[in-house]
Amino acid sequence: MGRRRFPWVTGALRRAALGIAVALATAGAVGAQTCRGHVYLTLDTGNMRHAEEIAAILNRHEVRVTFFLANERTPRGDFSLDPSWAAYWKARADEGHAFGSHTWRHGRFVADEPAGVRYRPQFGEEAGRTITLDAPGVCSELRRVETAFRAYTGRGLDAVWRAPGGHTTPRALASARDCGFAHVGWAPAGFLGDELPSEQVANRVLLARALKDVRDGDVLMAHLGIWSRKDPFAPMLDPLIGGLKERGLCFRTLREHPGYRAQAPVGAQLAAASGTRGR
């Protein structure tokens, strides 16, 4: 009976649905045009304590970031690149994030010497000792991360790496570059402070500082978990991302960073592989 008495209902609903669809499409187009700048959030493995929480925050905000992976110890008693973490990394890869090497043993590059570069691994073989890596050794330390990651995800790393603590040497940088990896640090304002003692610097202070100081083009750095910080910073990524978006800053991975795309041979690899080397 309703269809006979109100033949206009179907047409009205269709027109309303079309209007909503057009409005949403227009809003999306406007939103895409209102980016007043871009920032590049990067996340080092750390102890992985907040890995799932951070993944949920990223998905909620629909942002893509760059993860730097090392084989670090976790509170579960395993290591971040053990097979027990395969599903986590596969899920992040499927979501479209970018991935770089953070060295396999999360070691510190201490100094150059005639035979190569002095390196002090934090985990794994020779942990706590200072050893010397030649150029192939530096490459192996970076590529070993890629071997594990490829086994779990079916794709390689992107052509970027980060030295633990940001400590590099000329030989380490040159060896990594010859191996196809550009080094990525972070902007002064992009140091989010999750490594600092929470007794000295509260989360609200770190959050306010980042919301105030981060600018277009900045690379931001935090971790998926830090052993020493008693009040973890990870939950602050939620208001941080939201606040930077309100300022008109959009999030990109380092695959889209002009500075790293421009570096040869890294830039050529990124362009040829569309940011997923060996995918």
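Annotations
- Global form of segment 53-121, assessed from the alpha-carbon gyration tensor, a/c cut-off 1.5: prolate
- Alpha-carbon centroids, segment 97-135 and segment 39-82: separation in whole Å: 21
- Segment 183-240: chymotrypsin sites (Phe, Trp or Tyr not before Pro) falling in loop per DSSP and having at most 13 other Cβ within 10 Å: W227
- Those lysines that a straight Cα-Cα span of less than 16 Å connects to K212, excepting residues fewer than 8 apart in one chain: K245
- Environment charge at R204 (Cβ cut-off 13 Å; Lys +1, Arg +1, Asp -1, Glu -1): +1
- Within the same chain, aspartates and glutamates fewer than 8 places from K230 are excluded, and of the rest, those with a Cα less than 14 Å from its Cα are D194, E195, E199.
- Per residue accessible area of segment 113-270, 1.4 Å probe, in Å²: 44
- Surface share of carbon and sulfur [accessible, 1.4 angstrom probe, percent] for segment 60-108: 48
- In a simple Cβ point-charge model (Lys, Arg +1; Asp, Glu -1; nothing else charged), segment 126-198 has a dipole of about 180 debye relative to its Cα centre.
The values are calculated or read from the model by the stated rules, or taken from the named source; none is laboratory data. On a predicted model such as this, the values are computed, not experimentally measured, just so you know. In this analysis, Cβ positions are derived from the backbone assuming ideal geometry, glycine residues included, and neighbour counts consider all displayed protein chains. Ligands, DNA and RNA are excluded from the accessible area calculation, which covers all protein heavy atoms including side chains. Shrake-Rupley method; radii C 1.70, N 1.55, O 1.52, S 1.80 Å.
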